[in-house]
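The values are calculated or read from the model by the stated rules, or taken from the named source; none is laboratory data. Only a predicted model underlies this, so the values are computations on that prediction, with no experimental measurement involved. When we count neighbours, we look across all protein chains shown, and the Cβ atoms used for this are built from the backbone with ideal geometry, even at glycine.
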Amino acid sequence: MRWTTQSTWIRIAVLFGIYLLVLAAWFSLSSVSDSMEIVKSLVFLILLVILPILAMGFGAWDGVKEGFSLLWLLAPFVCFLAPMYLFLNDSALIYGVGYSLLGFGAHGLGVLVYRKRTREE
């Protein structure tokens with residue numbers, strides 16, 4: 001078990017940046033859009049599909065490349081905090097918990113691939 005590597009921190013920083021960019025793009029679109037239906041649909045697409053896929057993708061990627069790290073239990077949640085407070089409200093906090101659970105689960109699957117790959121070498 002490891003706590004962290006430099007590449008893990010880079011992946012977490014990139015995840016944070018993408019979370020920030022996706023929600024900033026949505027926020028800027030929502031401020032110029034006349035259709036509230038499109039804005040609401042887009043935010044739910046982002047919260048329920050795009051951000052969870054990002055958390056799972058980065059968690060699994062790190063698991064496959066580096067092995068197990070407890071850091072992925074909190075990283076997606078922490079990465080979501082700043083964008084959430086900037087562009088959403090406190091009611092979205094539960095999504096961050098979900099992203100952490102999904103990211104950590106995907107990280108665990110990535111670790112299985114990592115272990116199988118290192119045994120074969």
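Some notes on this structure:
- Put simply, of Leu21, Leu51 the only residue that is modelled with pLDDT of 95 or more, within 12 Å of the chain's Cα centre (by Cα) and within 18 Å of Cys79 (Cα to Cα) is Leu51.
- The residue that is farthest from Met56 (Cα to Cα), counting only those in the stretch 85-99 that are buried (at least 17 other Cβ atoms within 10 Å of the Cβ) and among the hydroxyl-bearing types (Ser, Thr, Tyr), is Tyr95.
- Residues in the stretch 30-56 that are touching a helix residue (DSSP H, G or I) at 6+ places or on another chain (Cβ under 7 Å) and assigned to a helix (DSSP H, G or I): Ser30, Val39, Leu42, Val43, Ile46, Leu47, Ile50, Leu51, Pro52, Leu54, Ala55, Met56.
- When the residues of the stretch 2-36 are filtered to those that are surrounded by 16 or more Cβ atoms within 10 Å (Cβ to Cβ) and among the aromatic types (Phe, Trp, Tyr), the one that is farthest from Phe104 (Cα to Cα) is Trp26.
- Each residue in the stretch 75-98 was checked for being within 17 Å of Val49 (Cα to Cα), in a helix (DSSP H, G or I) and of a type in the set (A, V, I, L, M), and 5 pass.
- Qualifying residue in the stretch 57-69 (condition: out of contact with any strand residue (DSSP E or B) (no Cβ under 9 Å at 6 or more places or on another chain) and exposed (fewer than 14 other Cβ atoms within 10 Å of the Cβ)): no
- Looking across Phe68, Phe87, one residue alone is out of contact with any Ser or Thr (no Cβ under 8 Å at 6 or more places or on another chain), in contact (Cβ under 8 Å) with a residue 24 or more places away in the chain and farther than 16 Å from Gly103 by Cα. It is Phe87.
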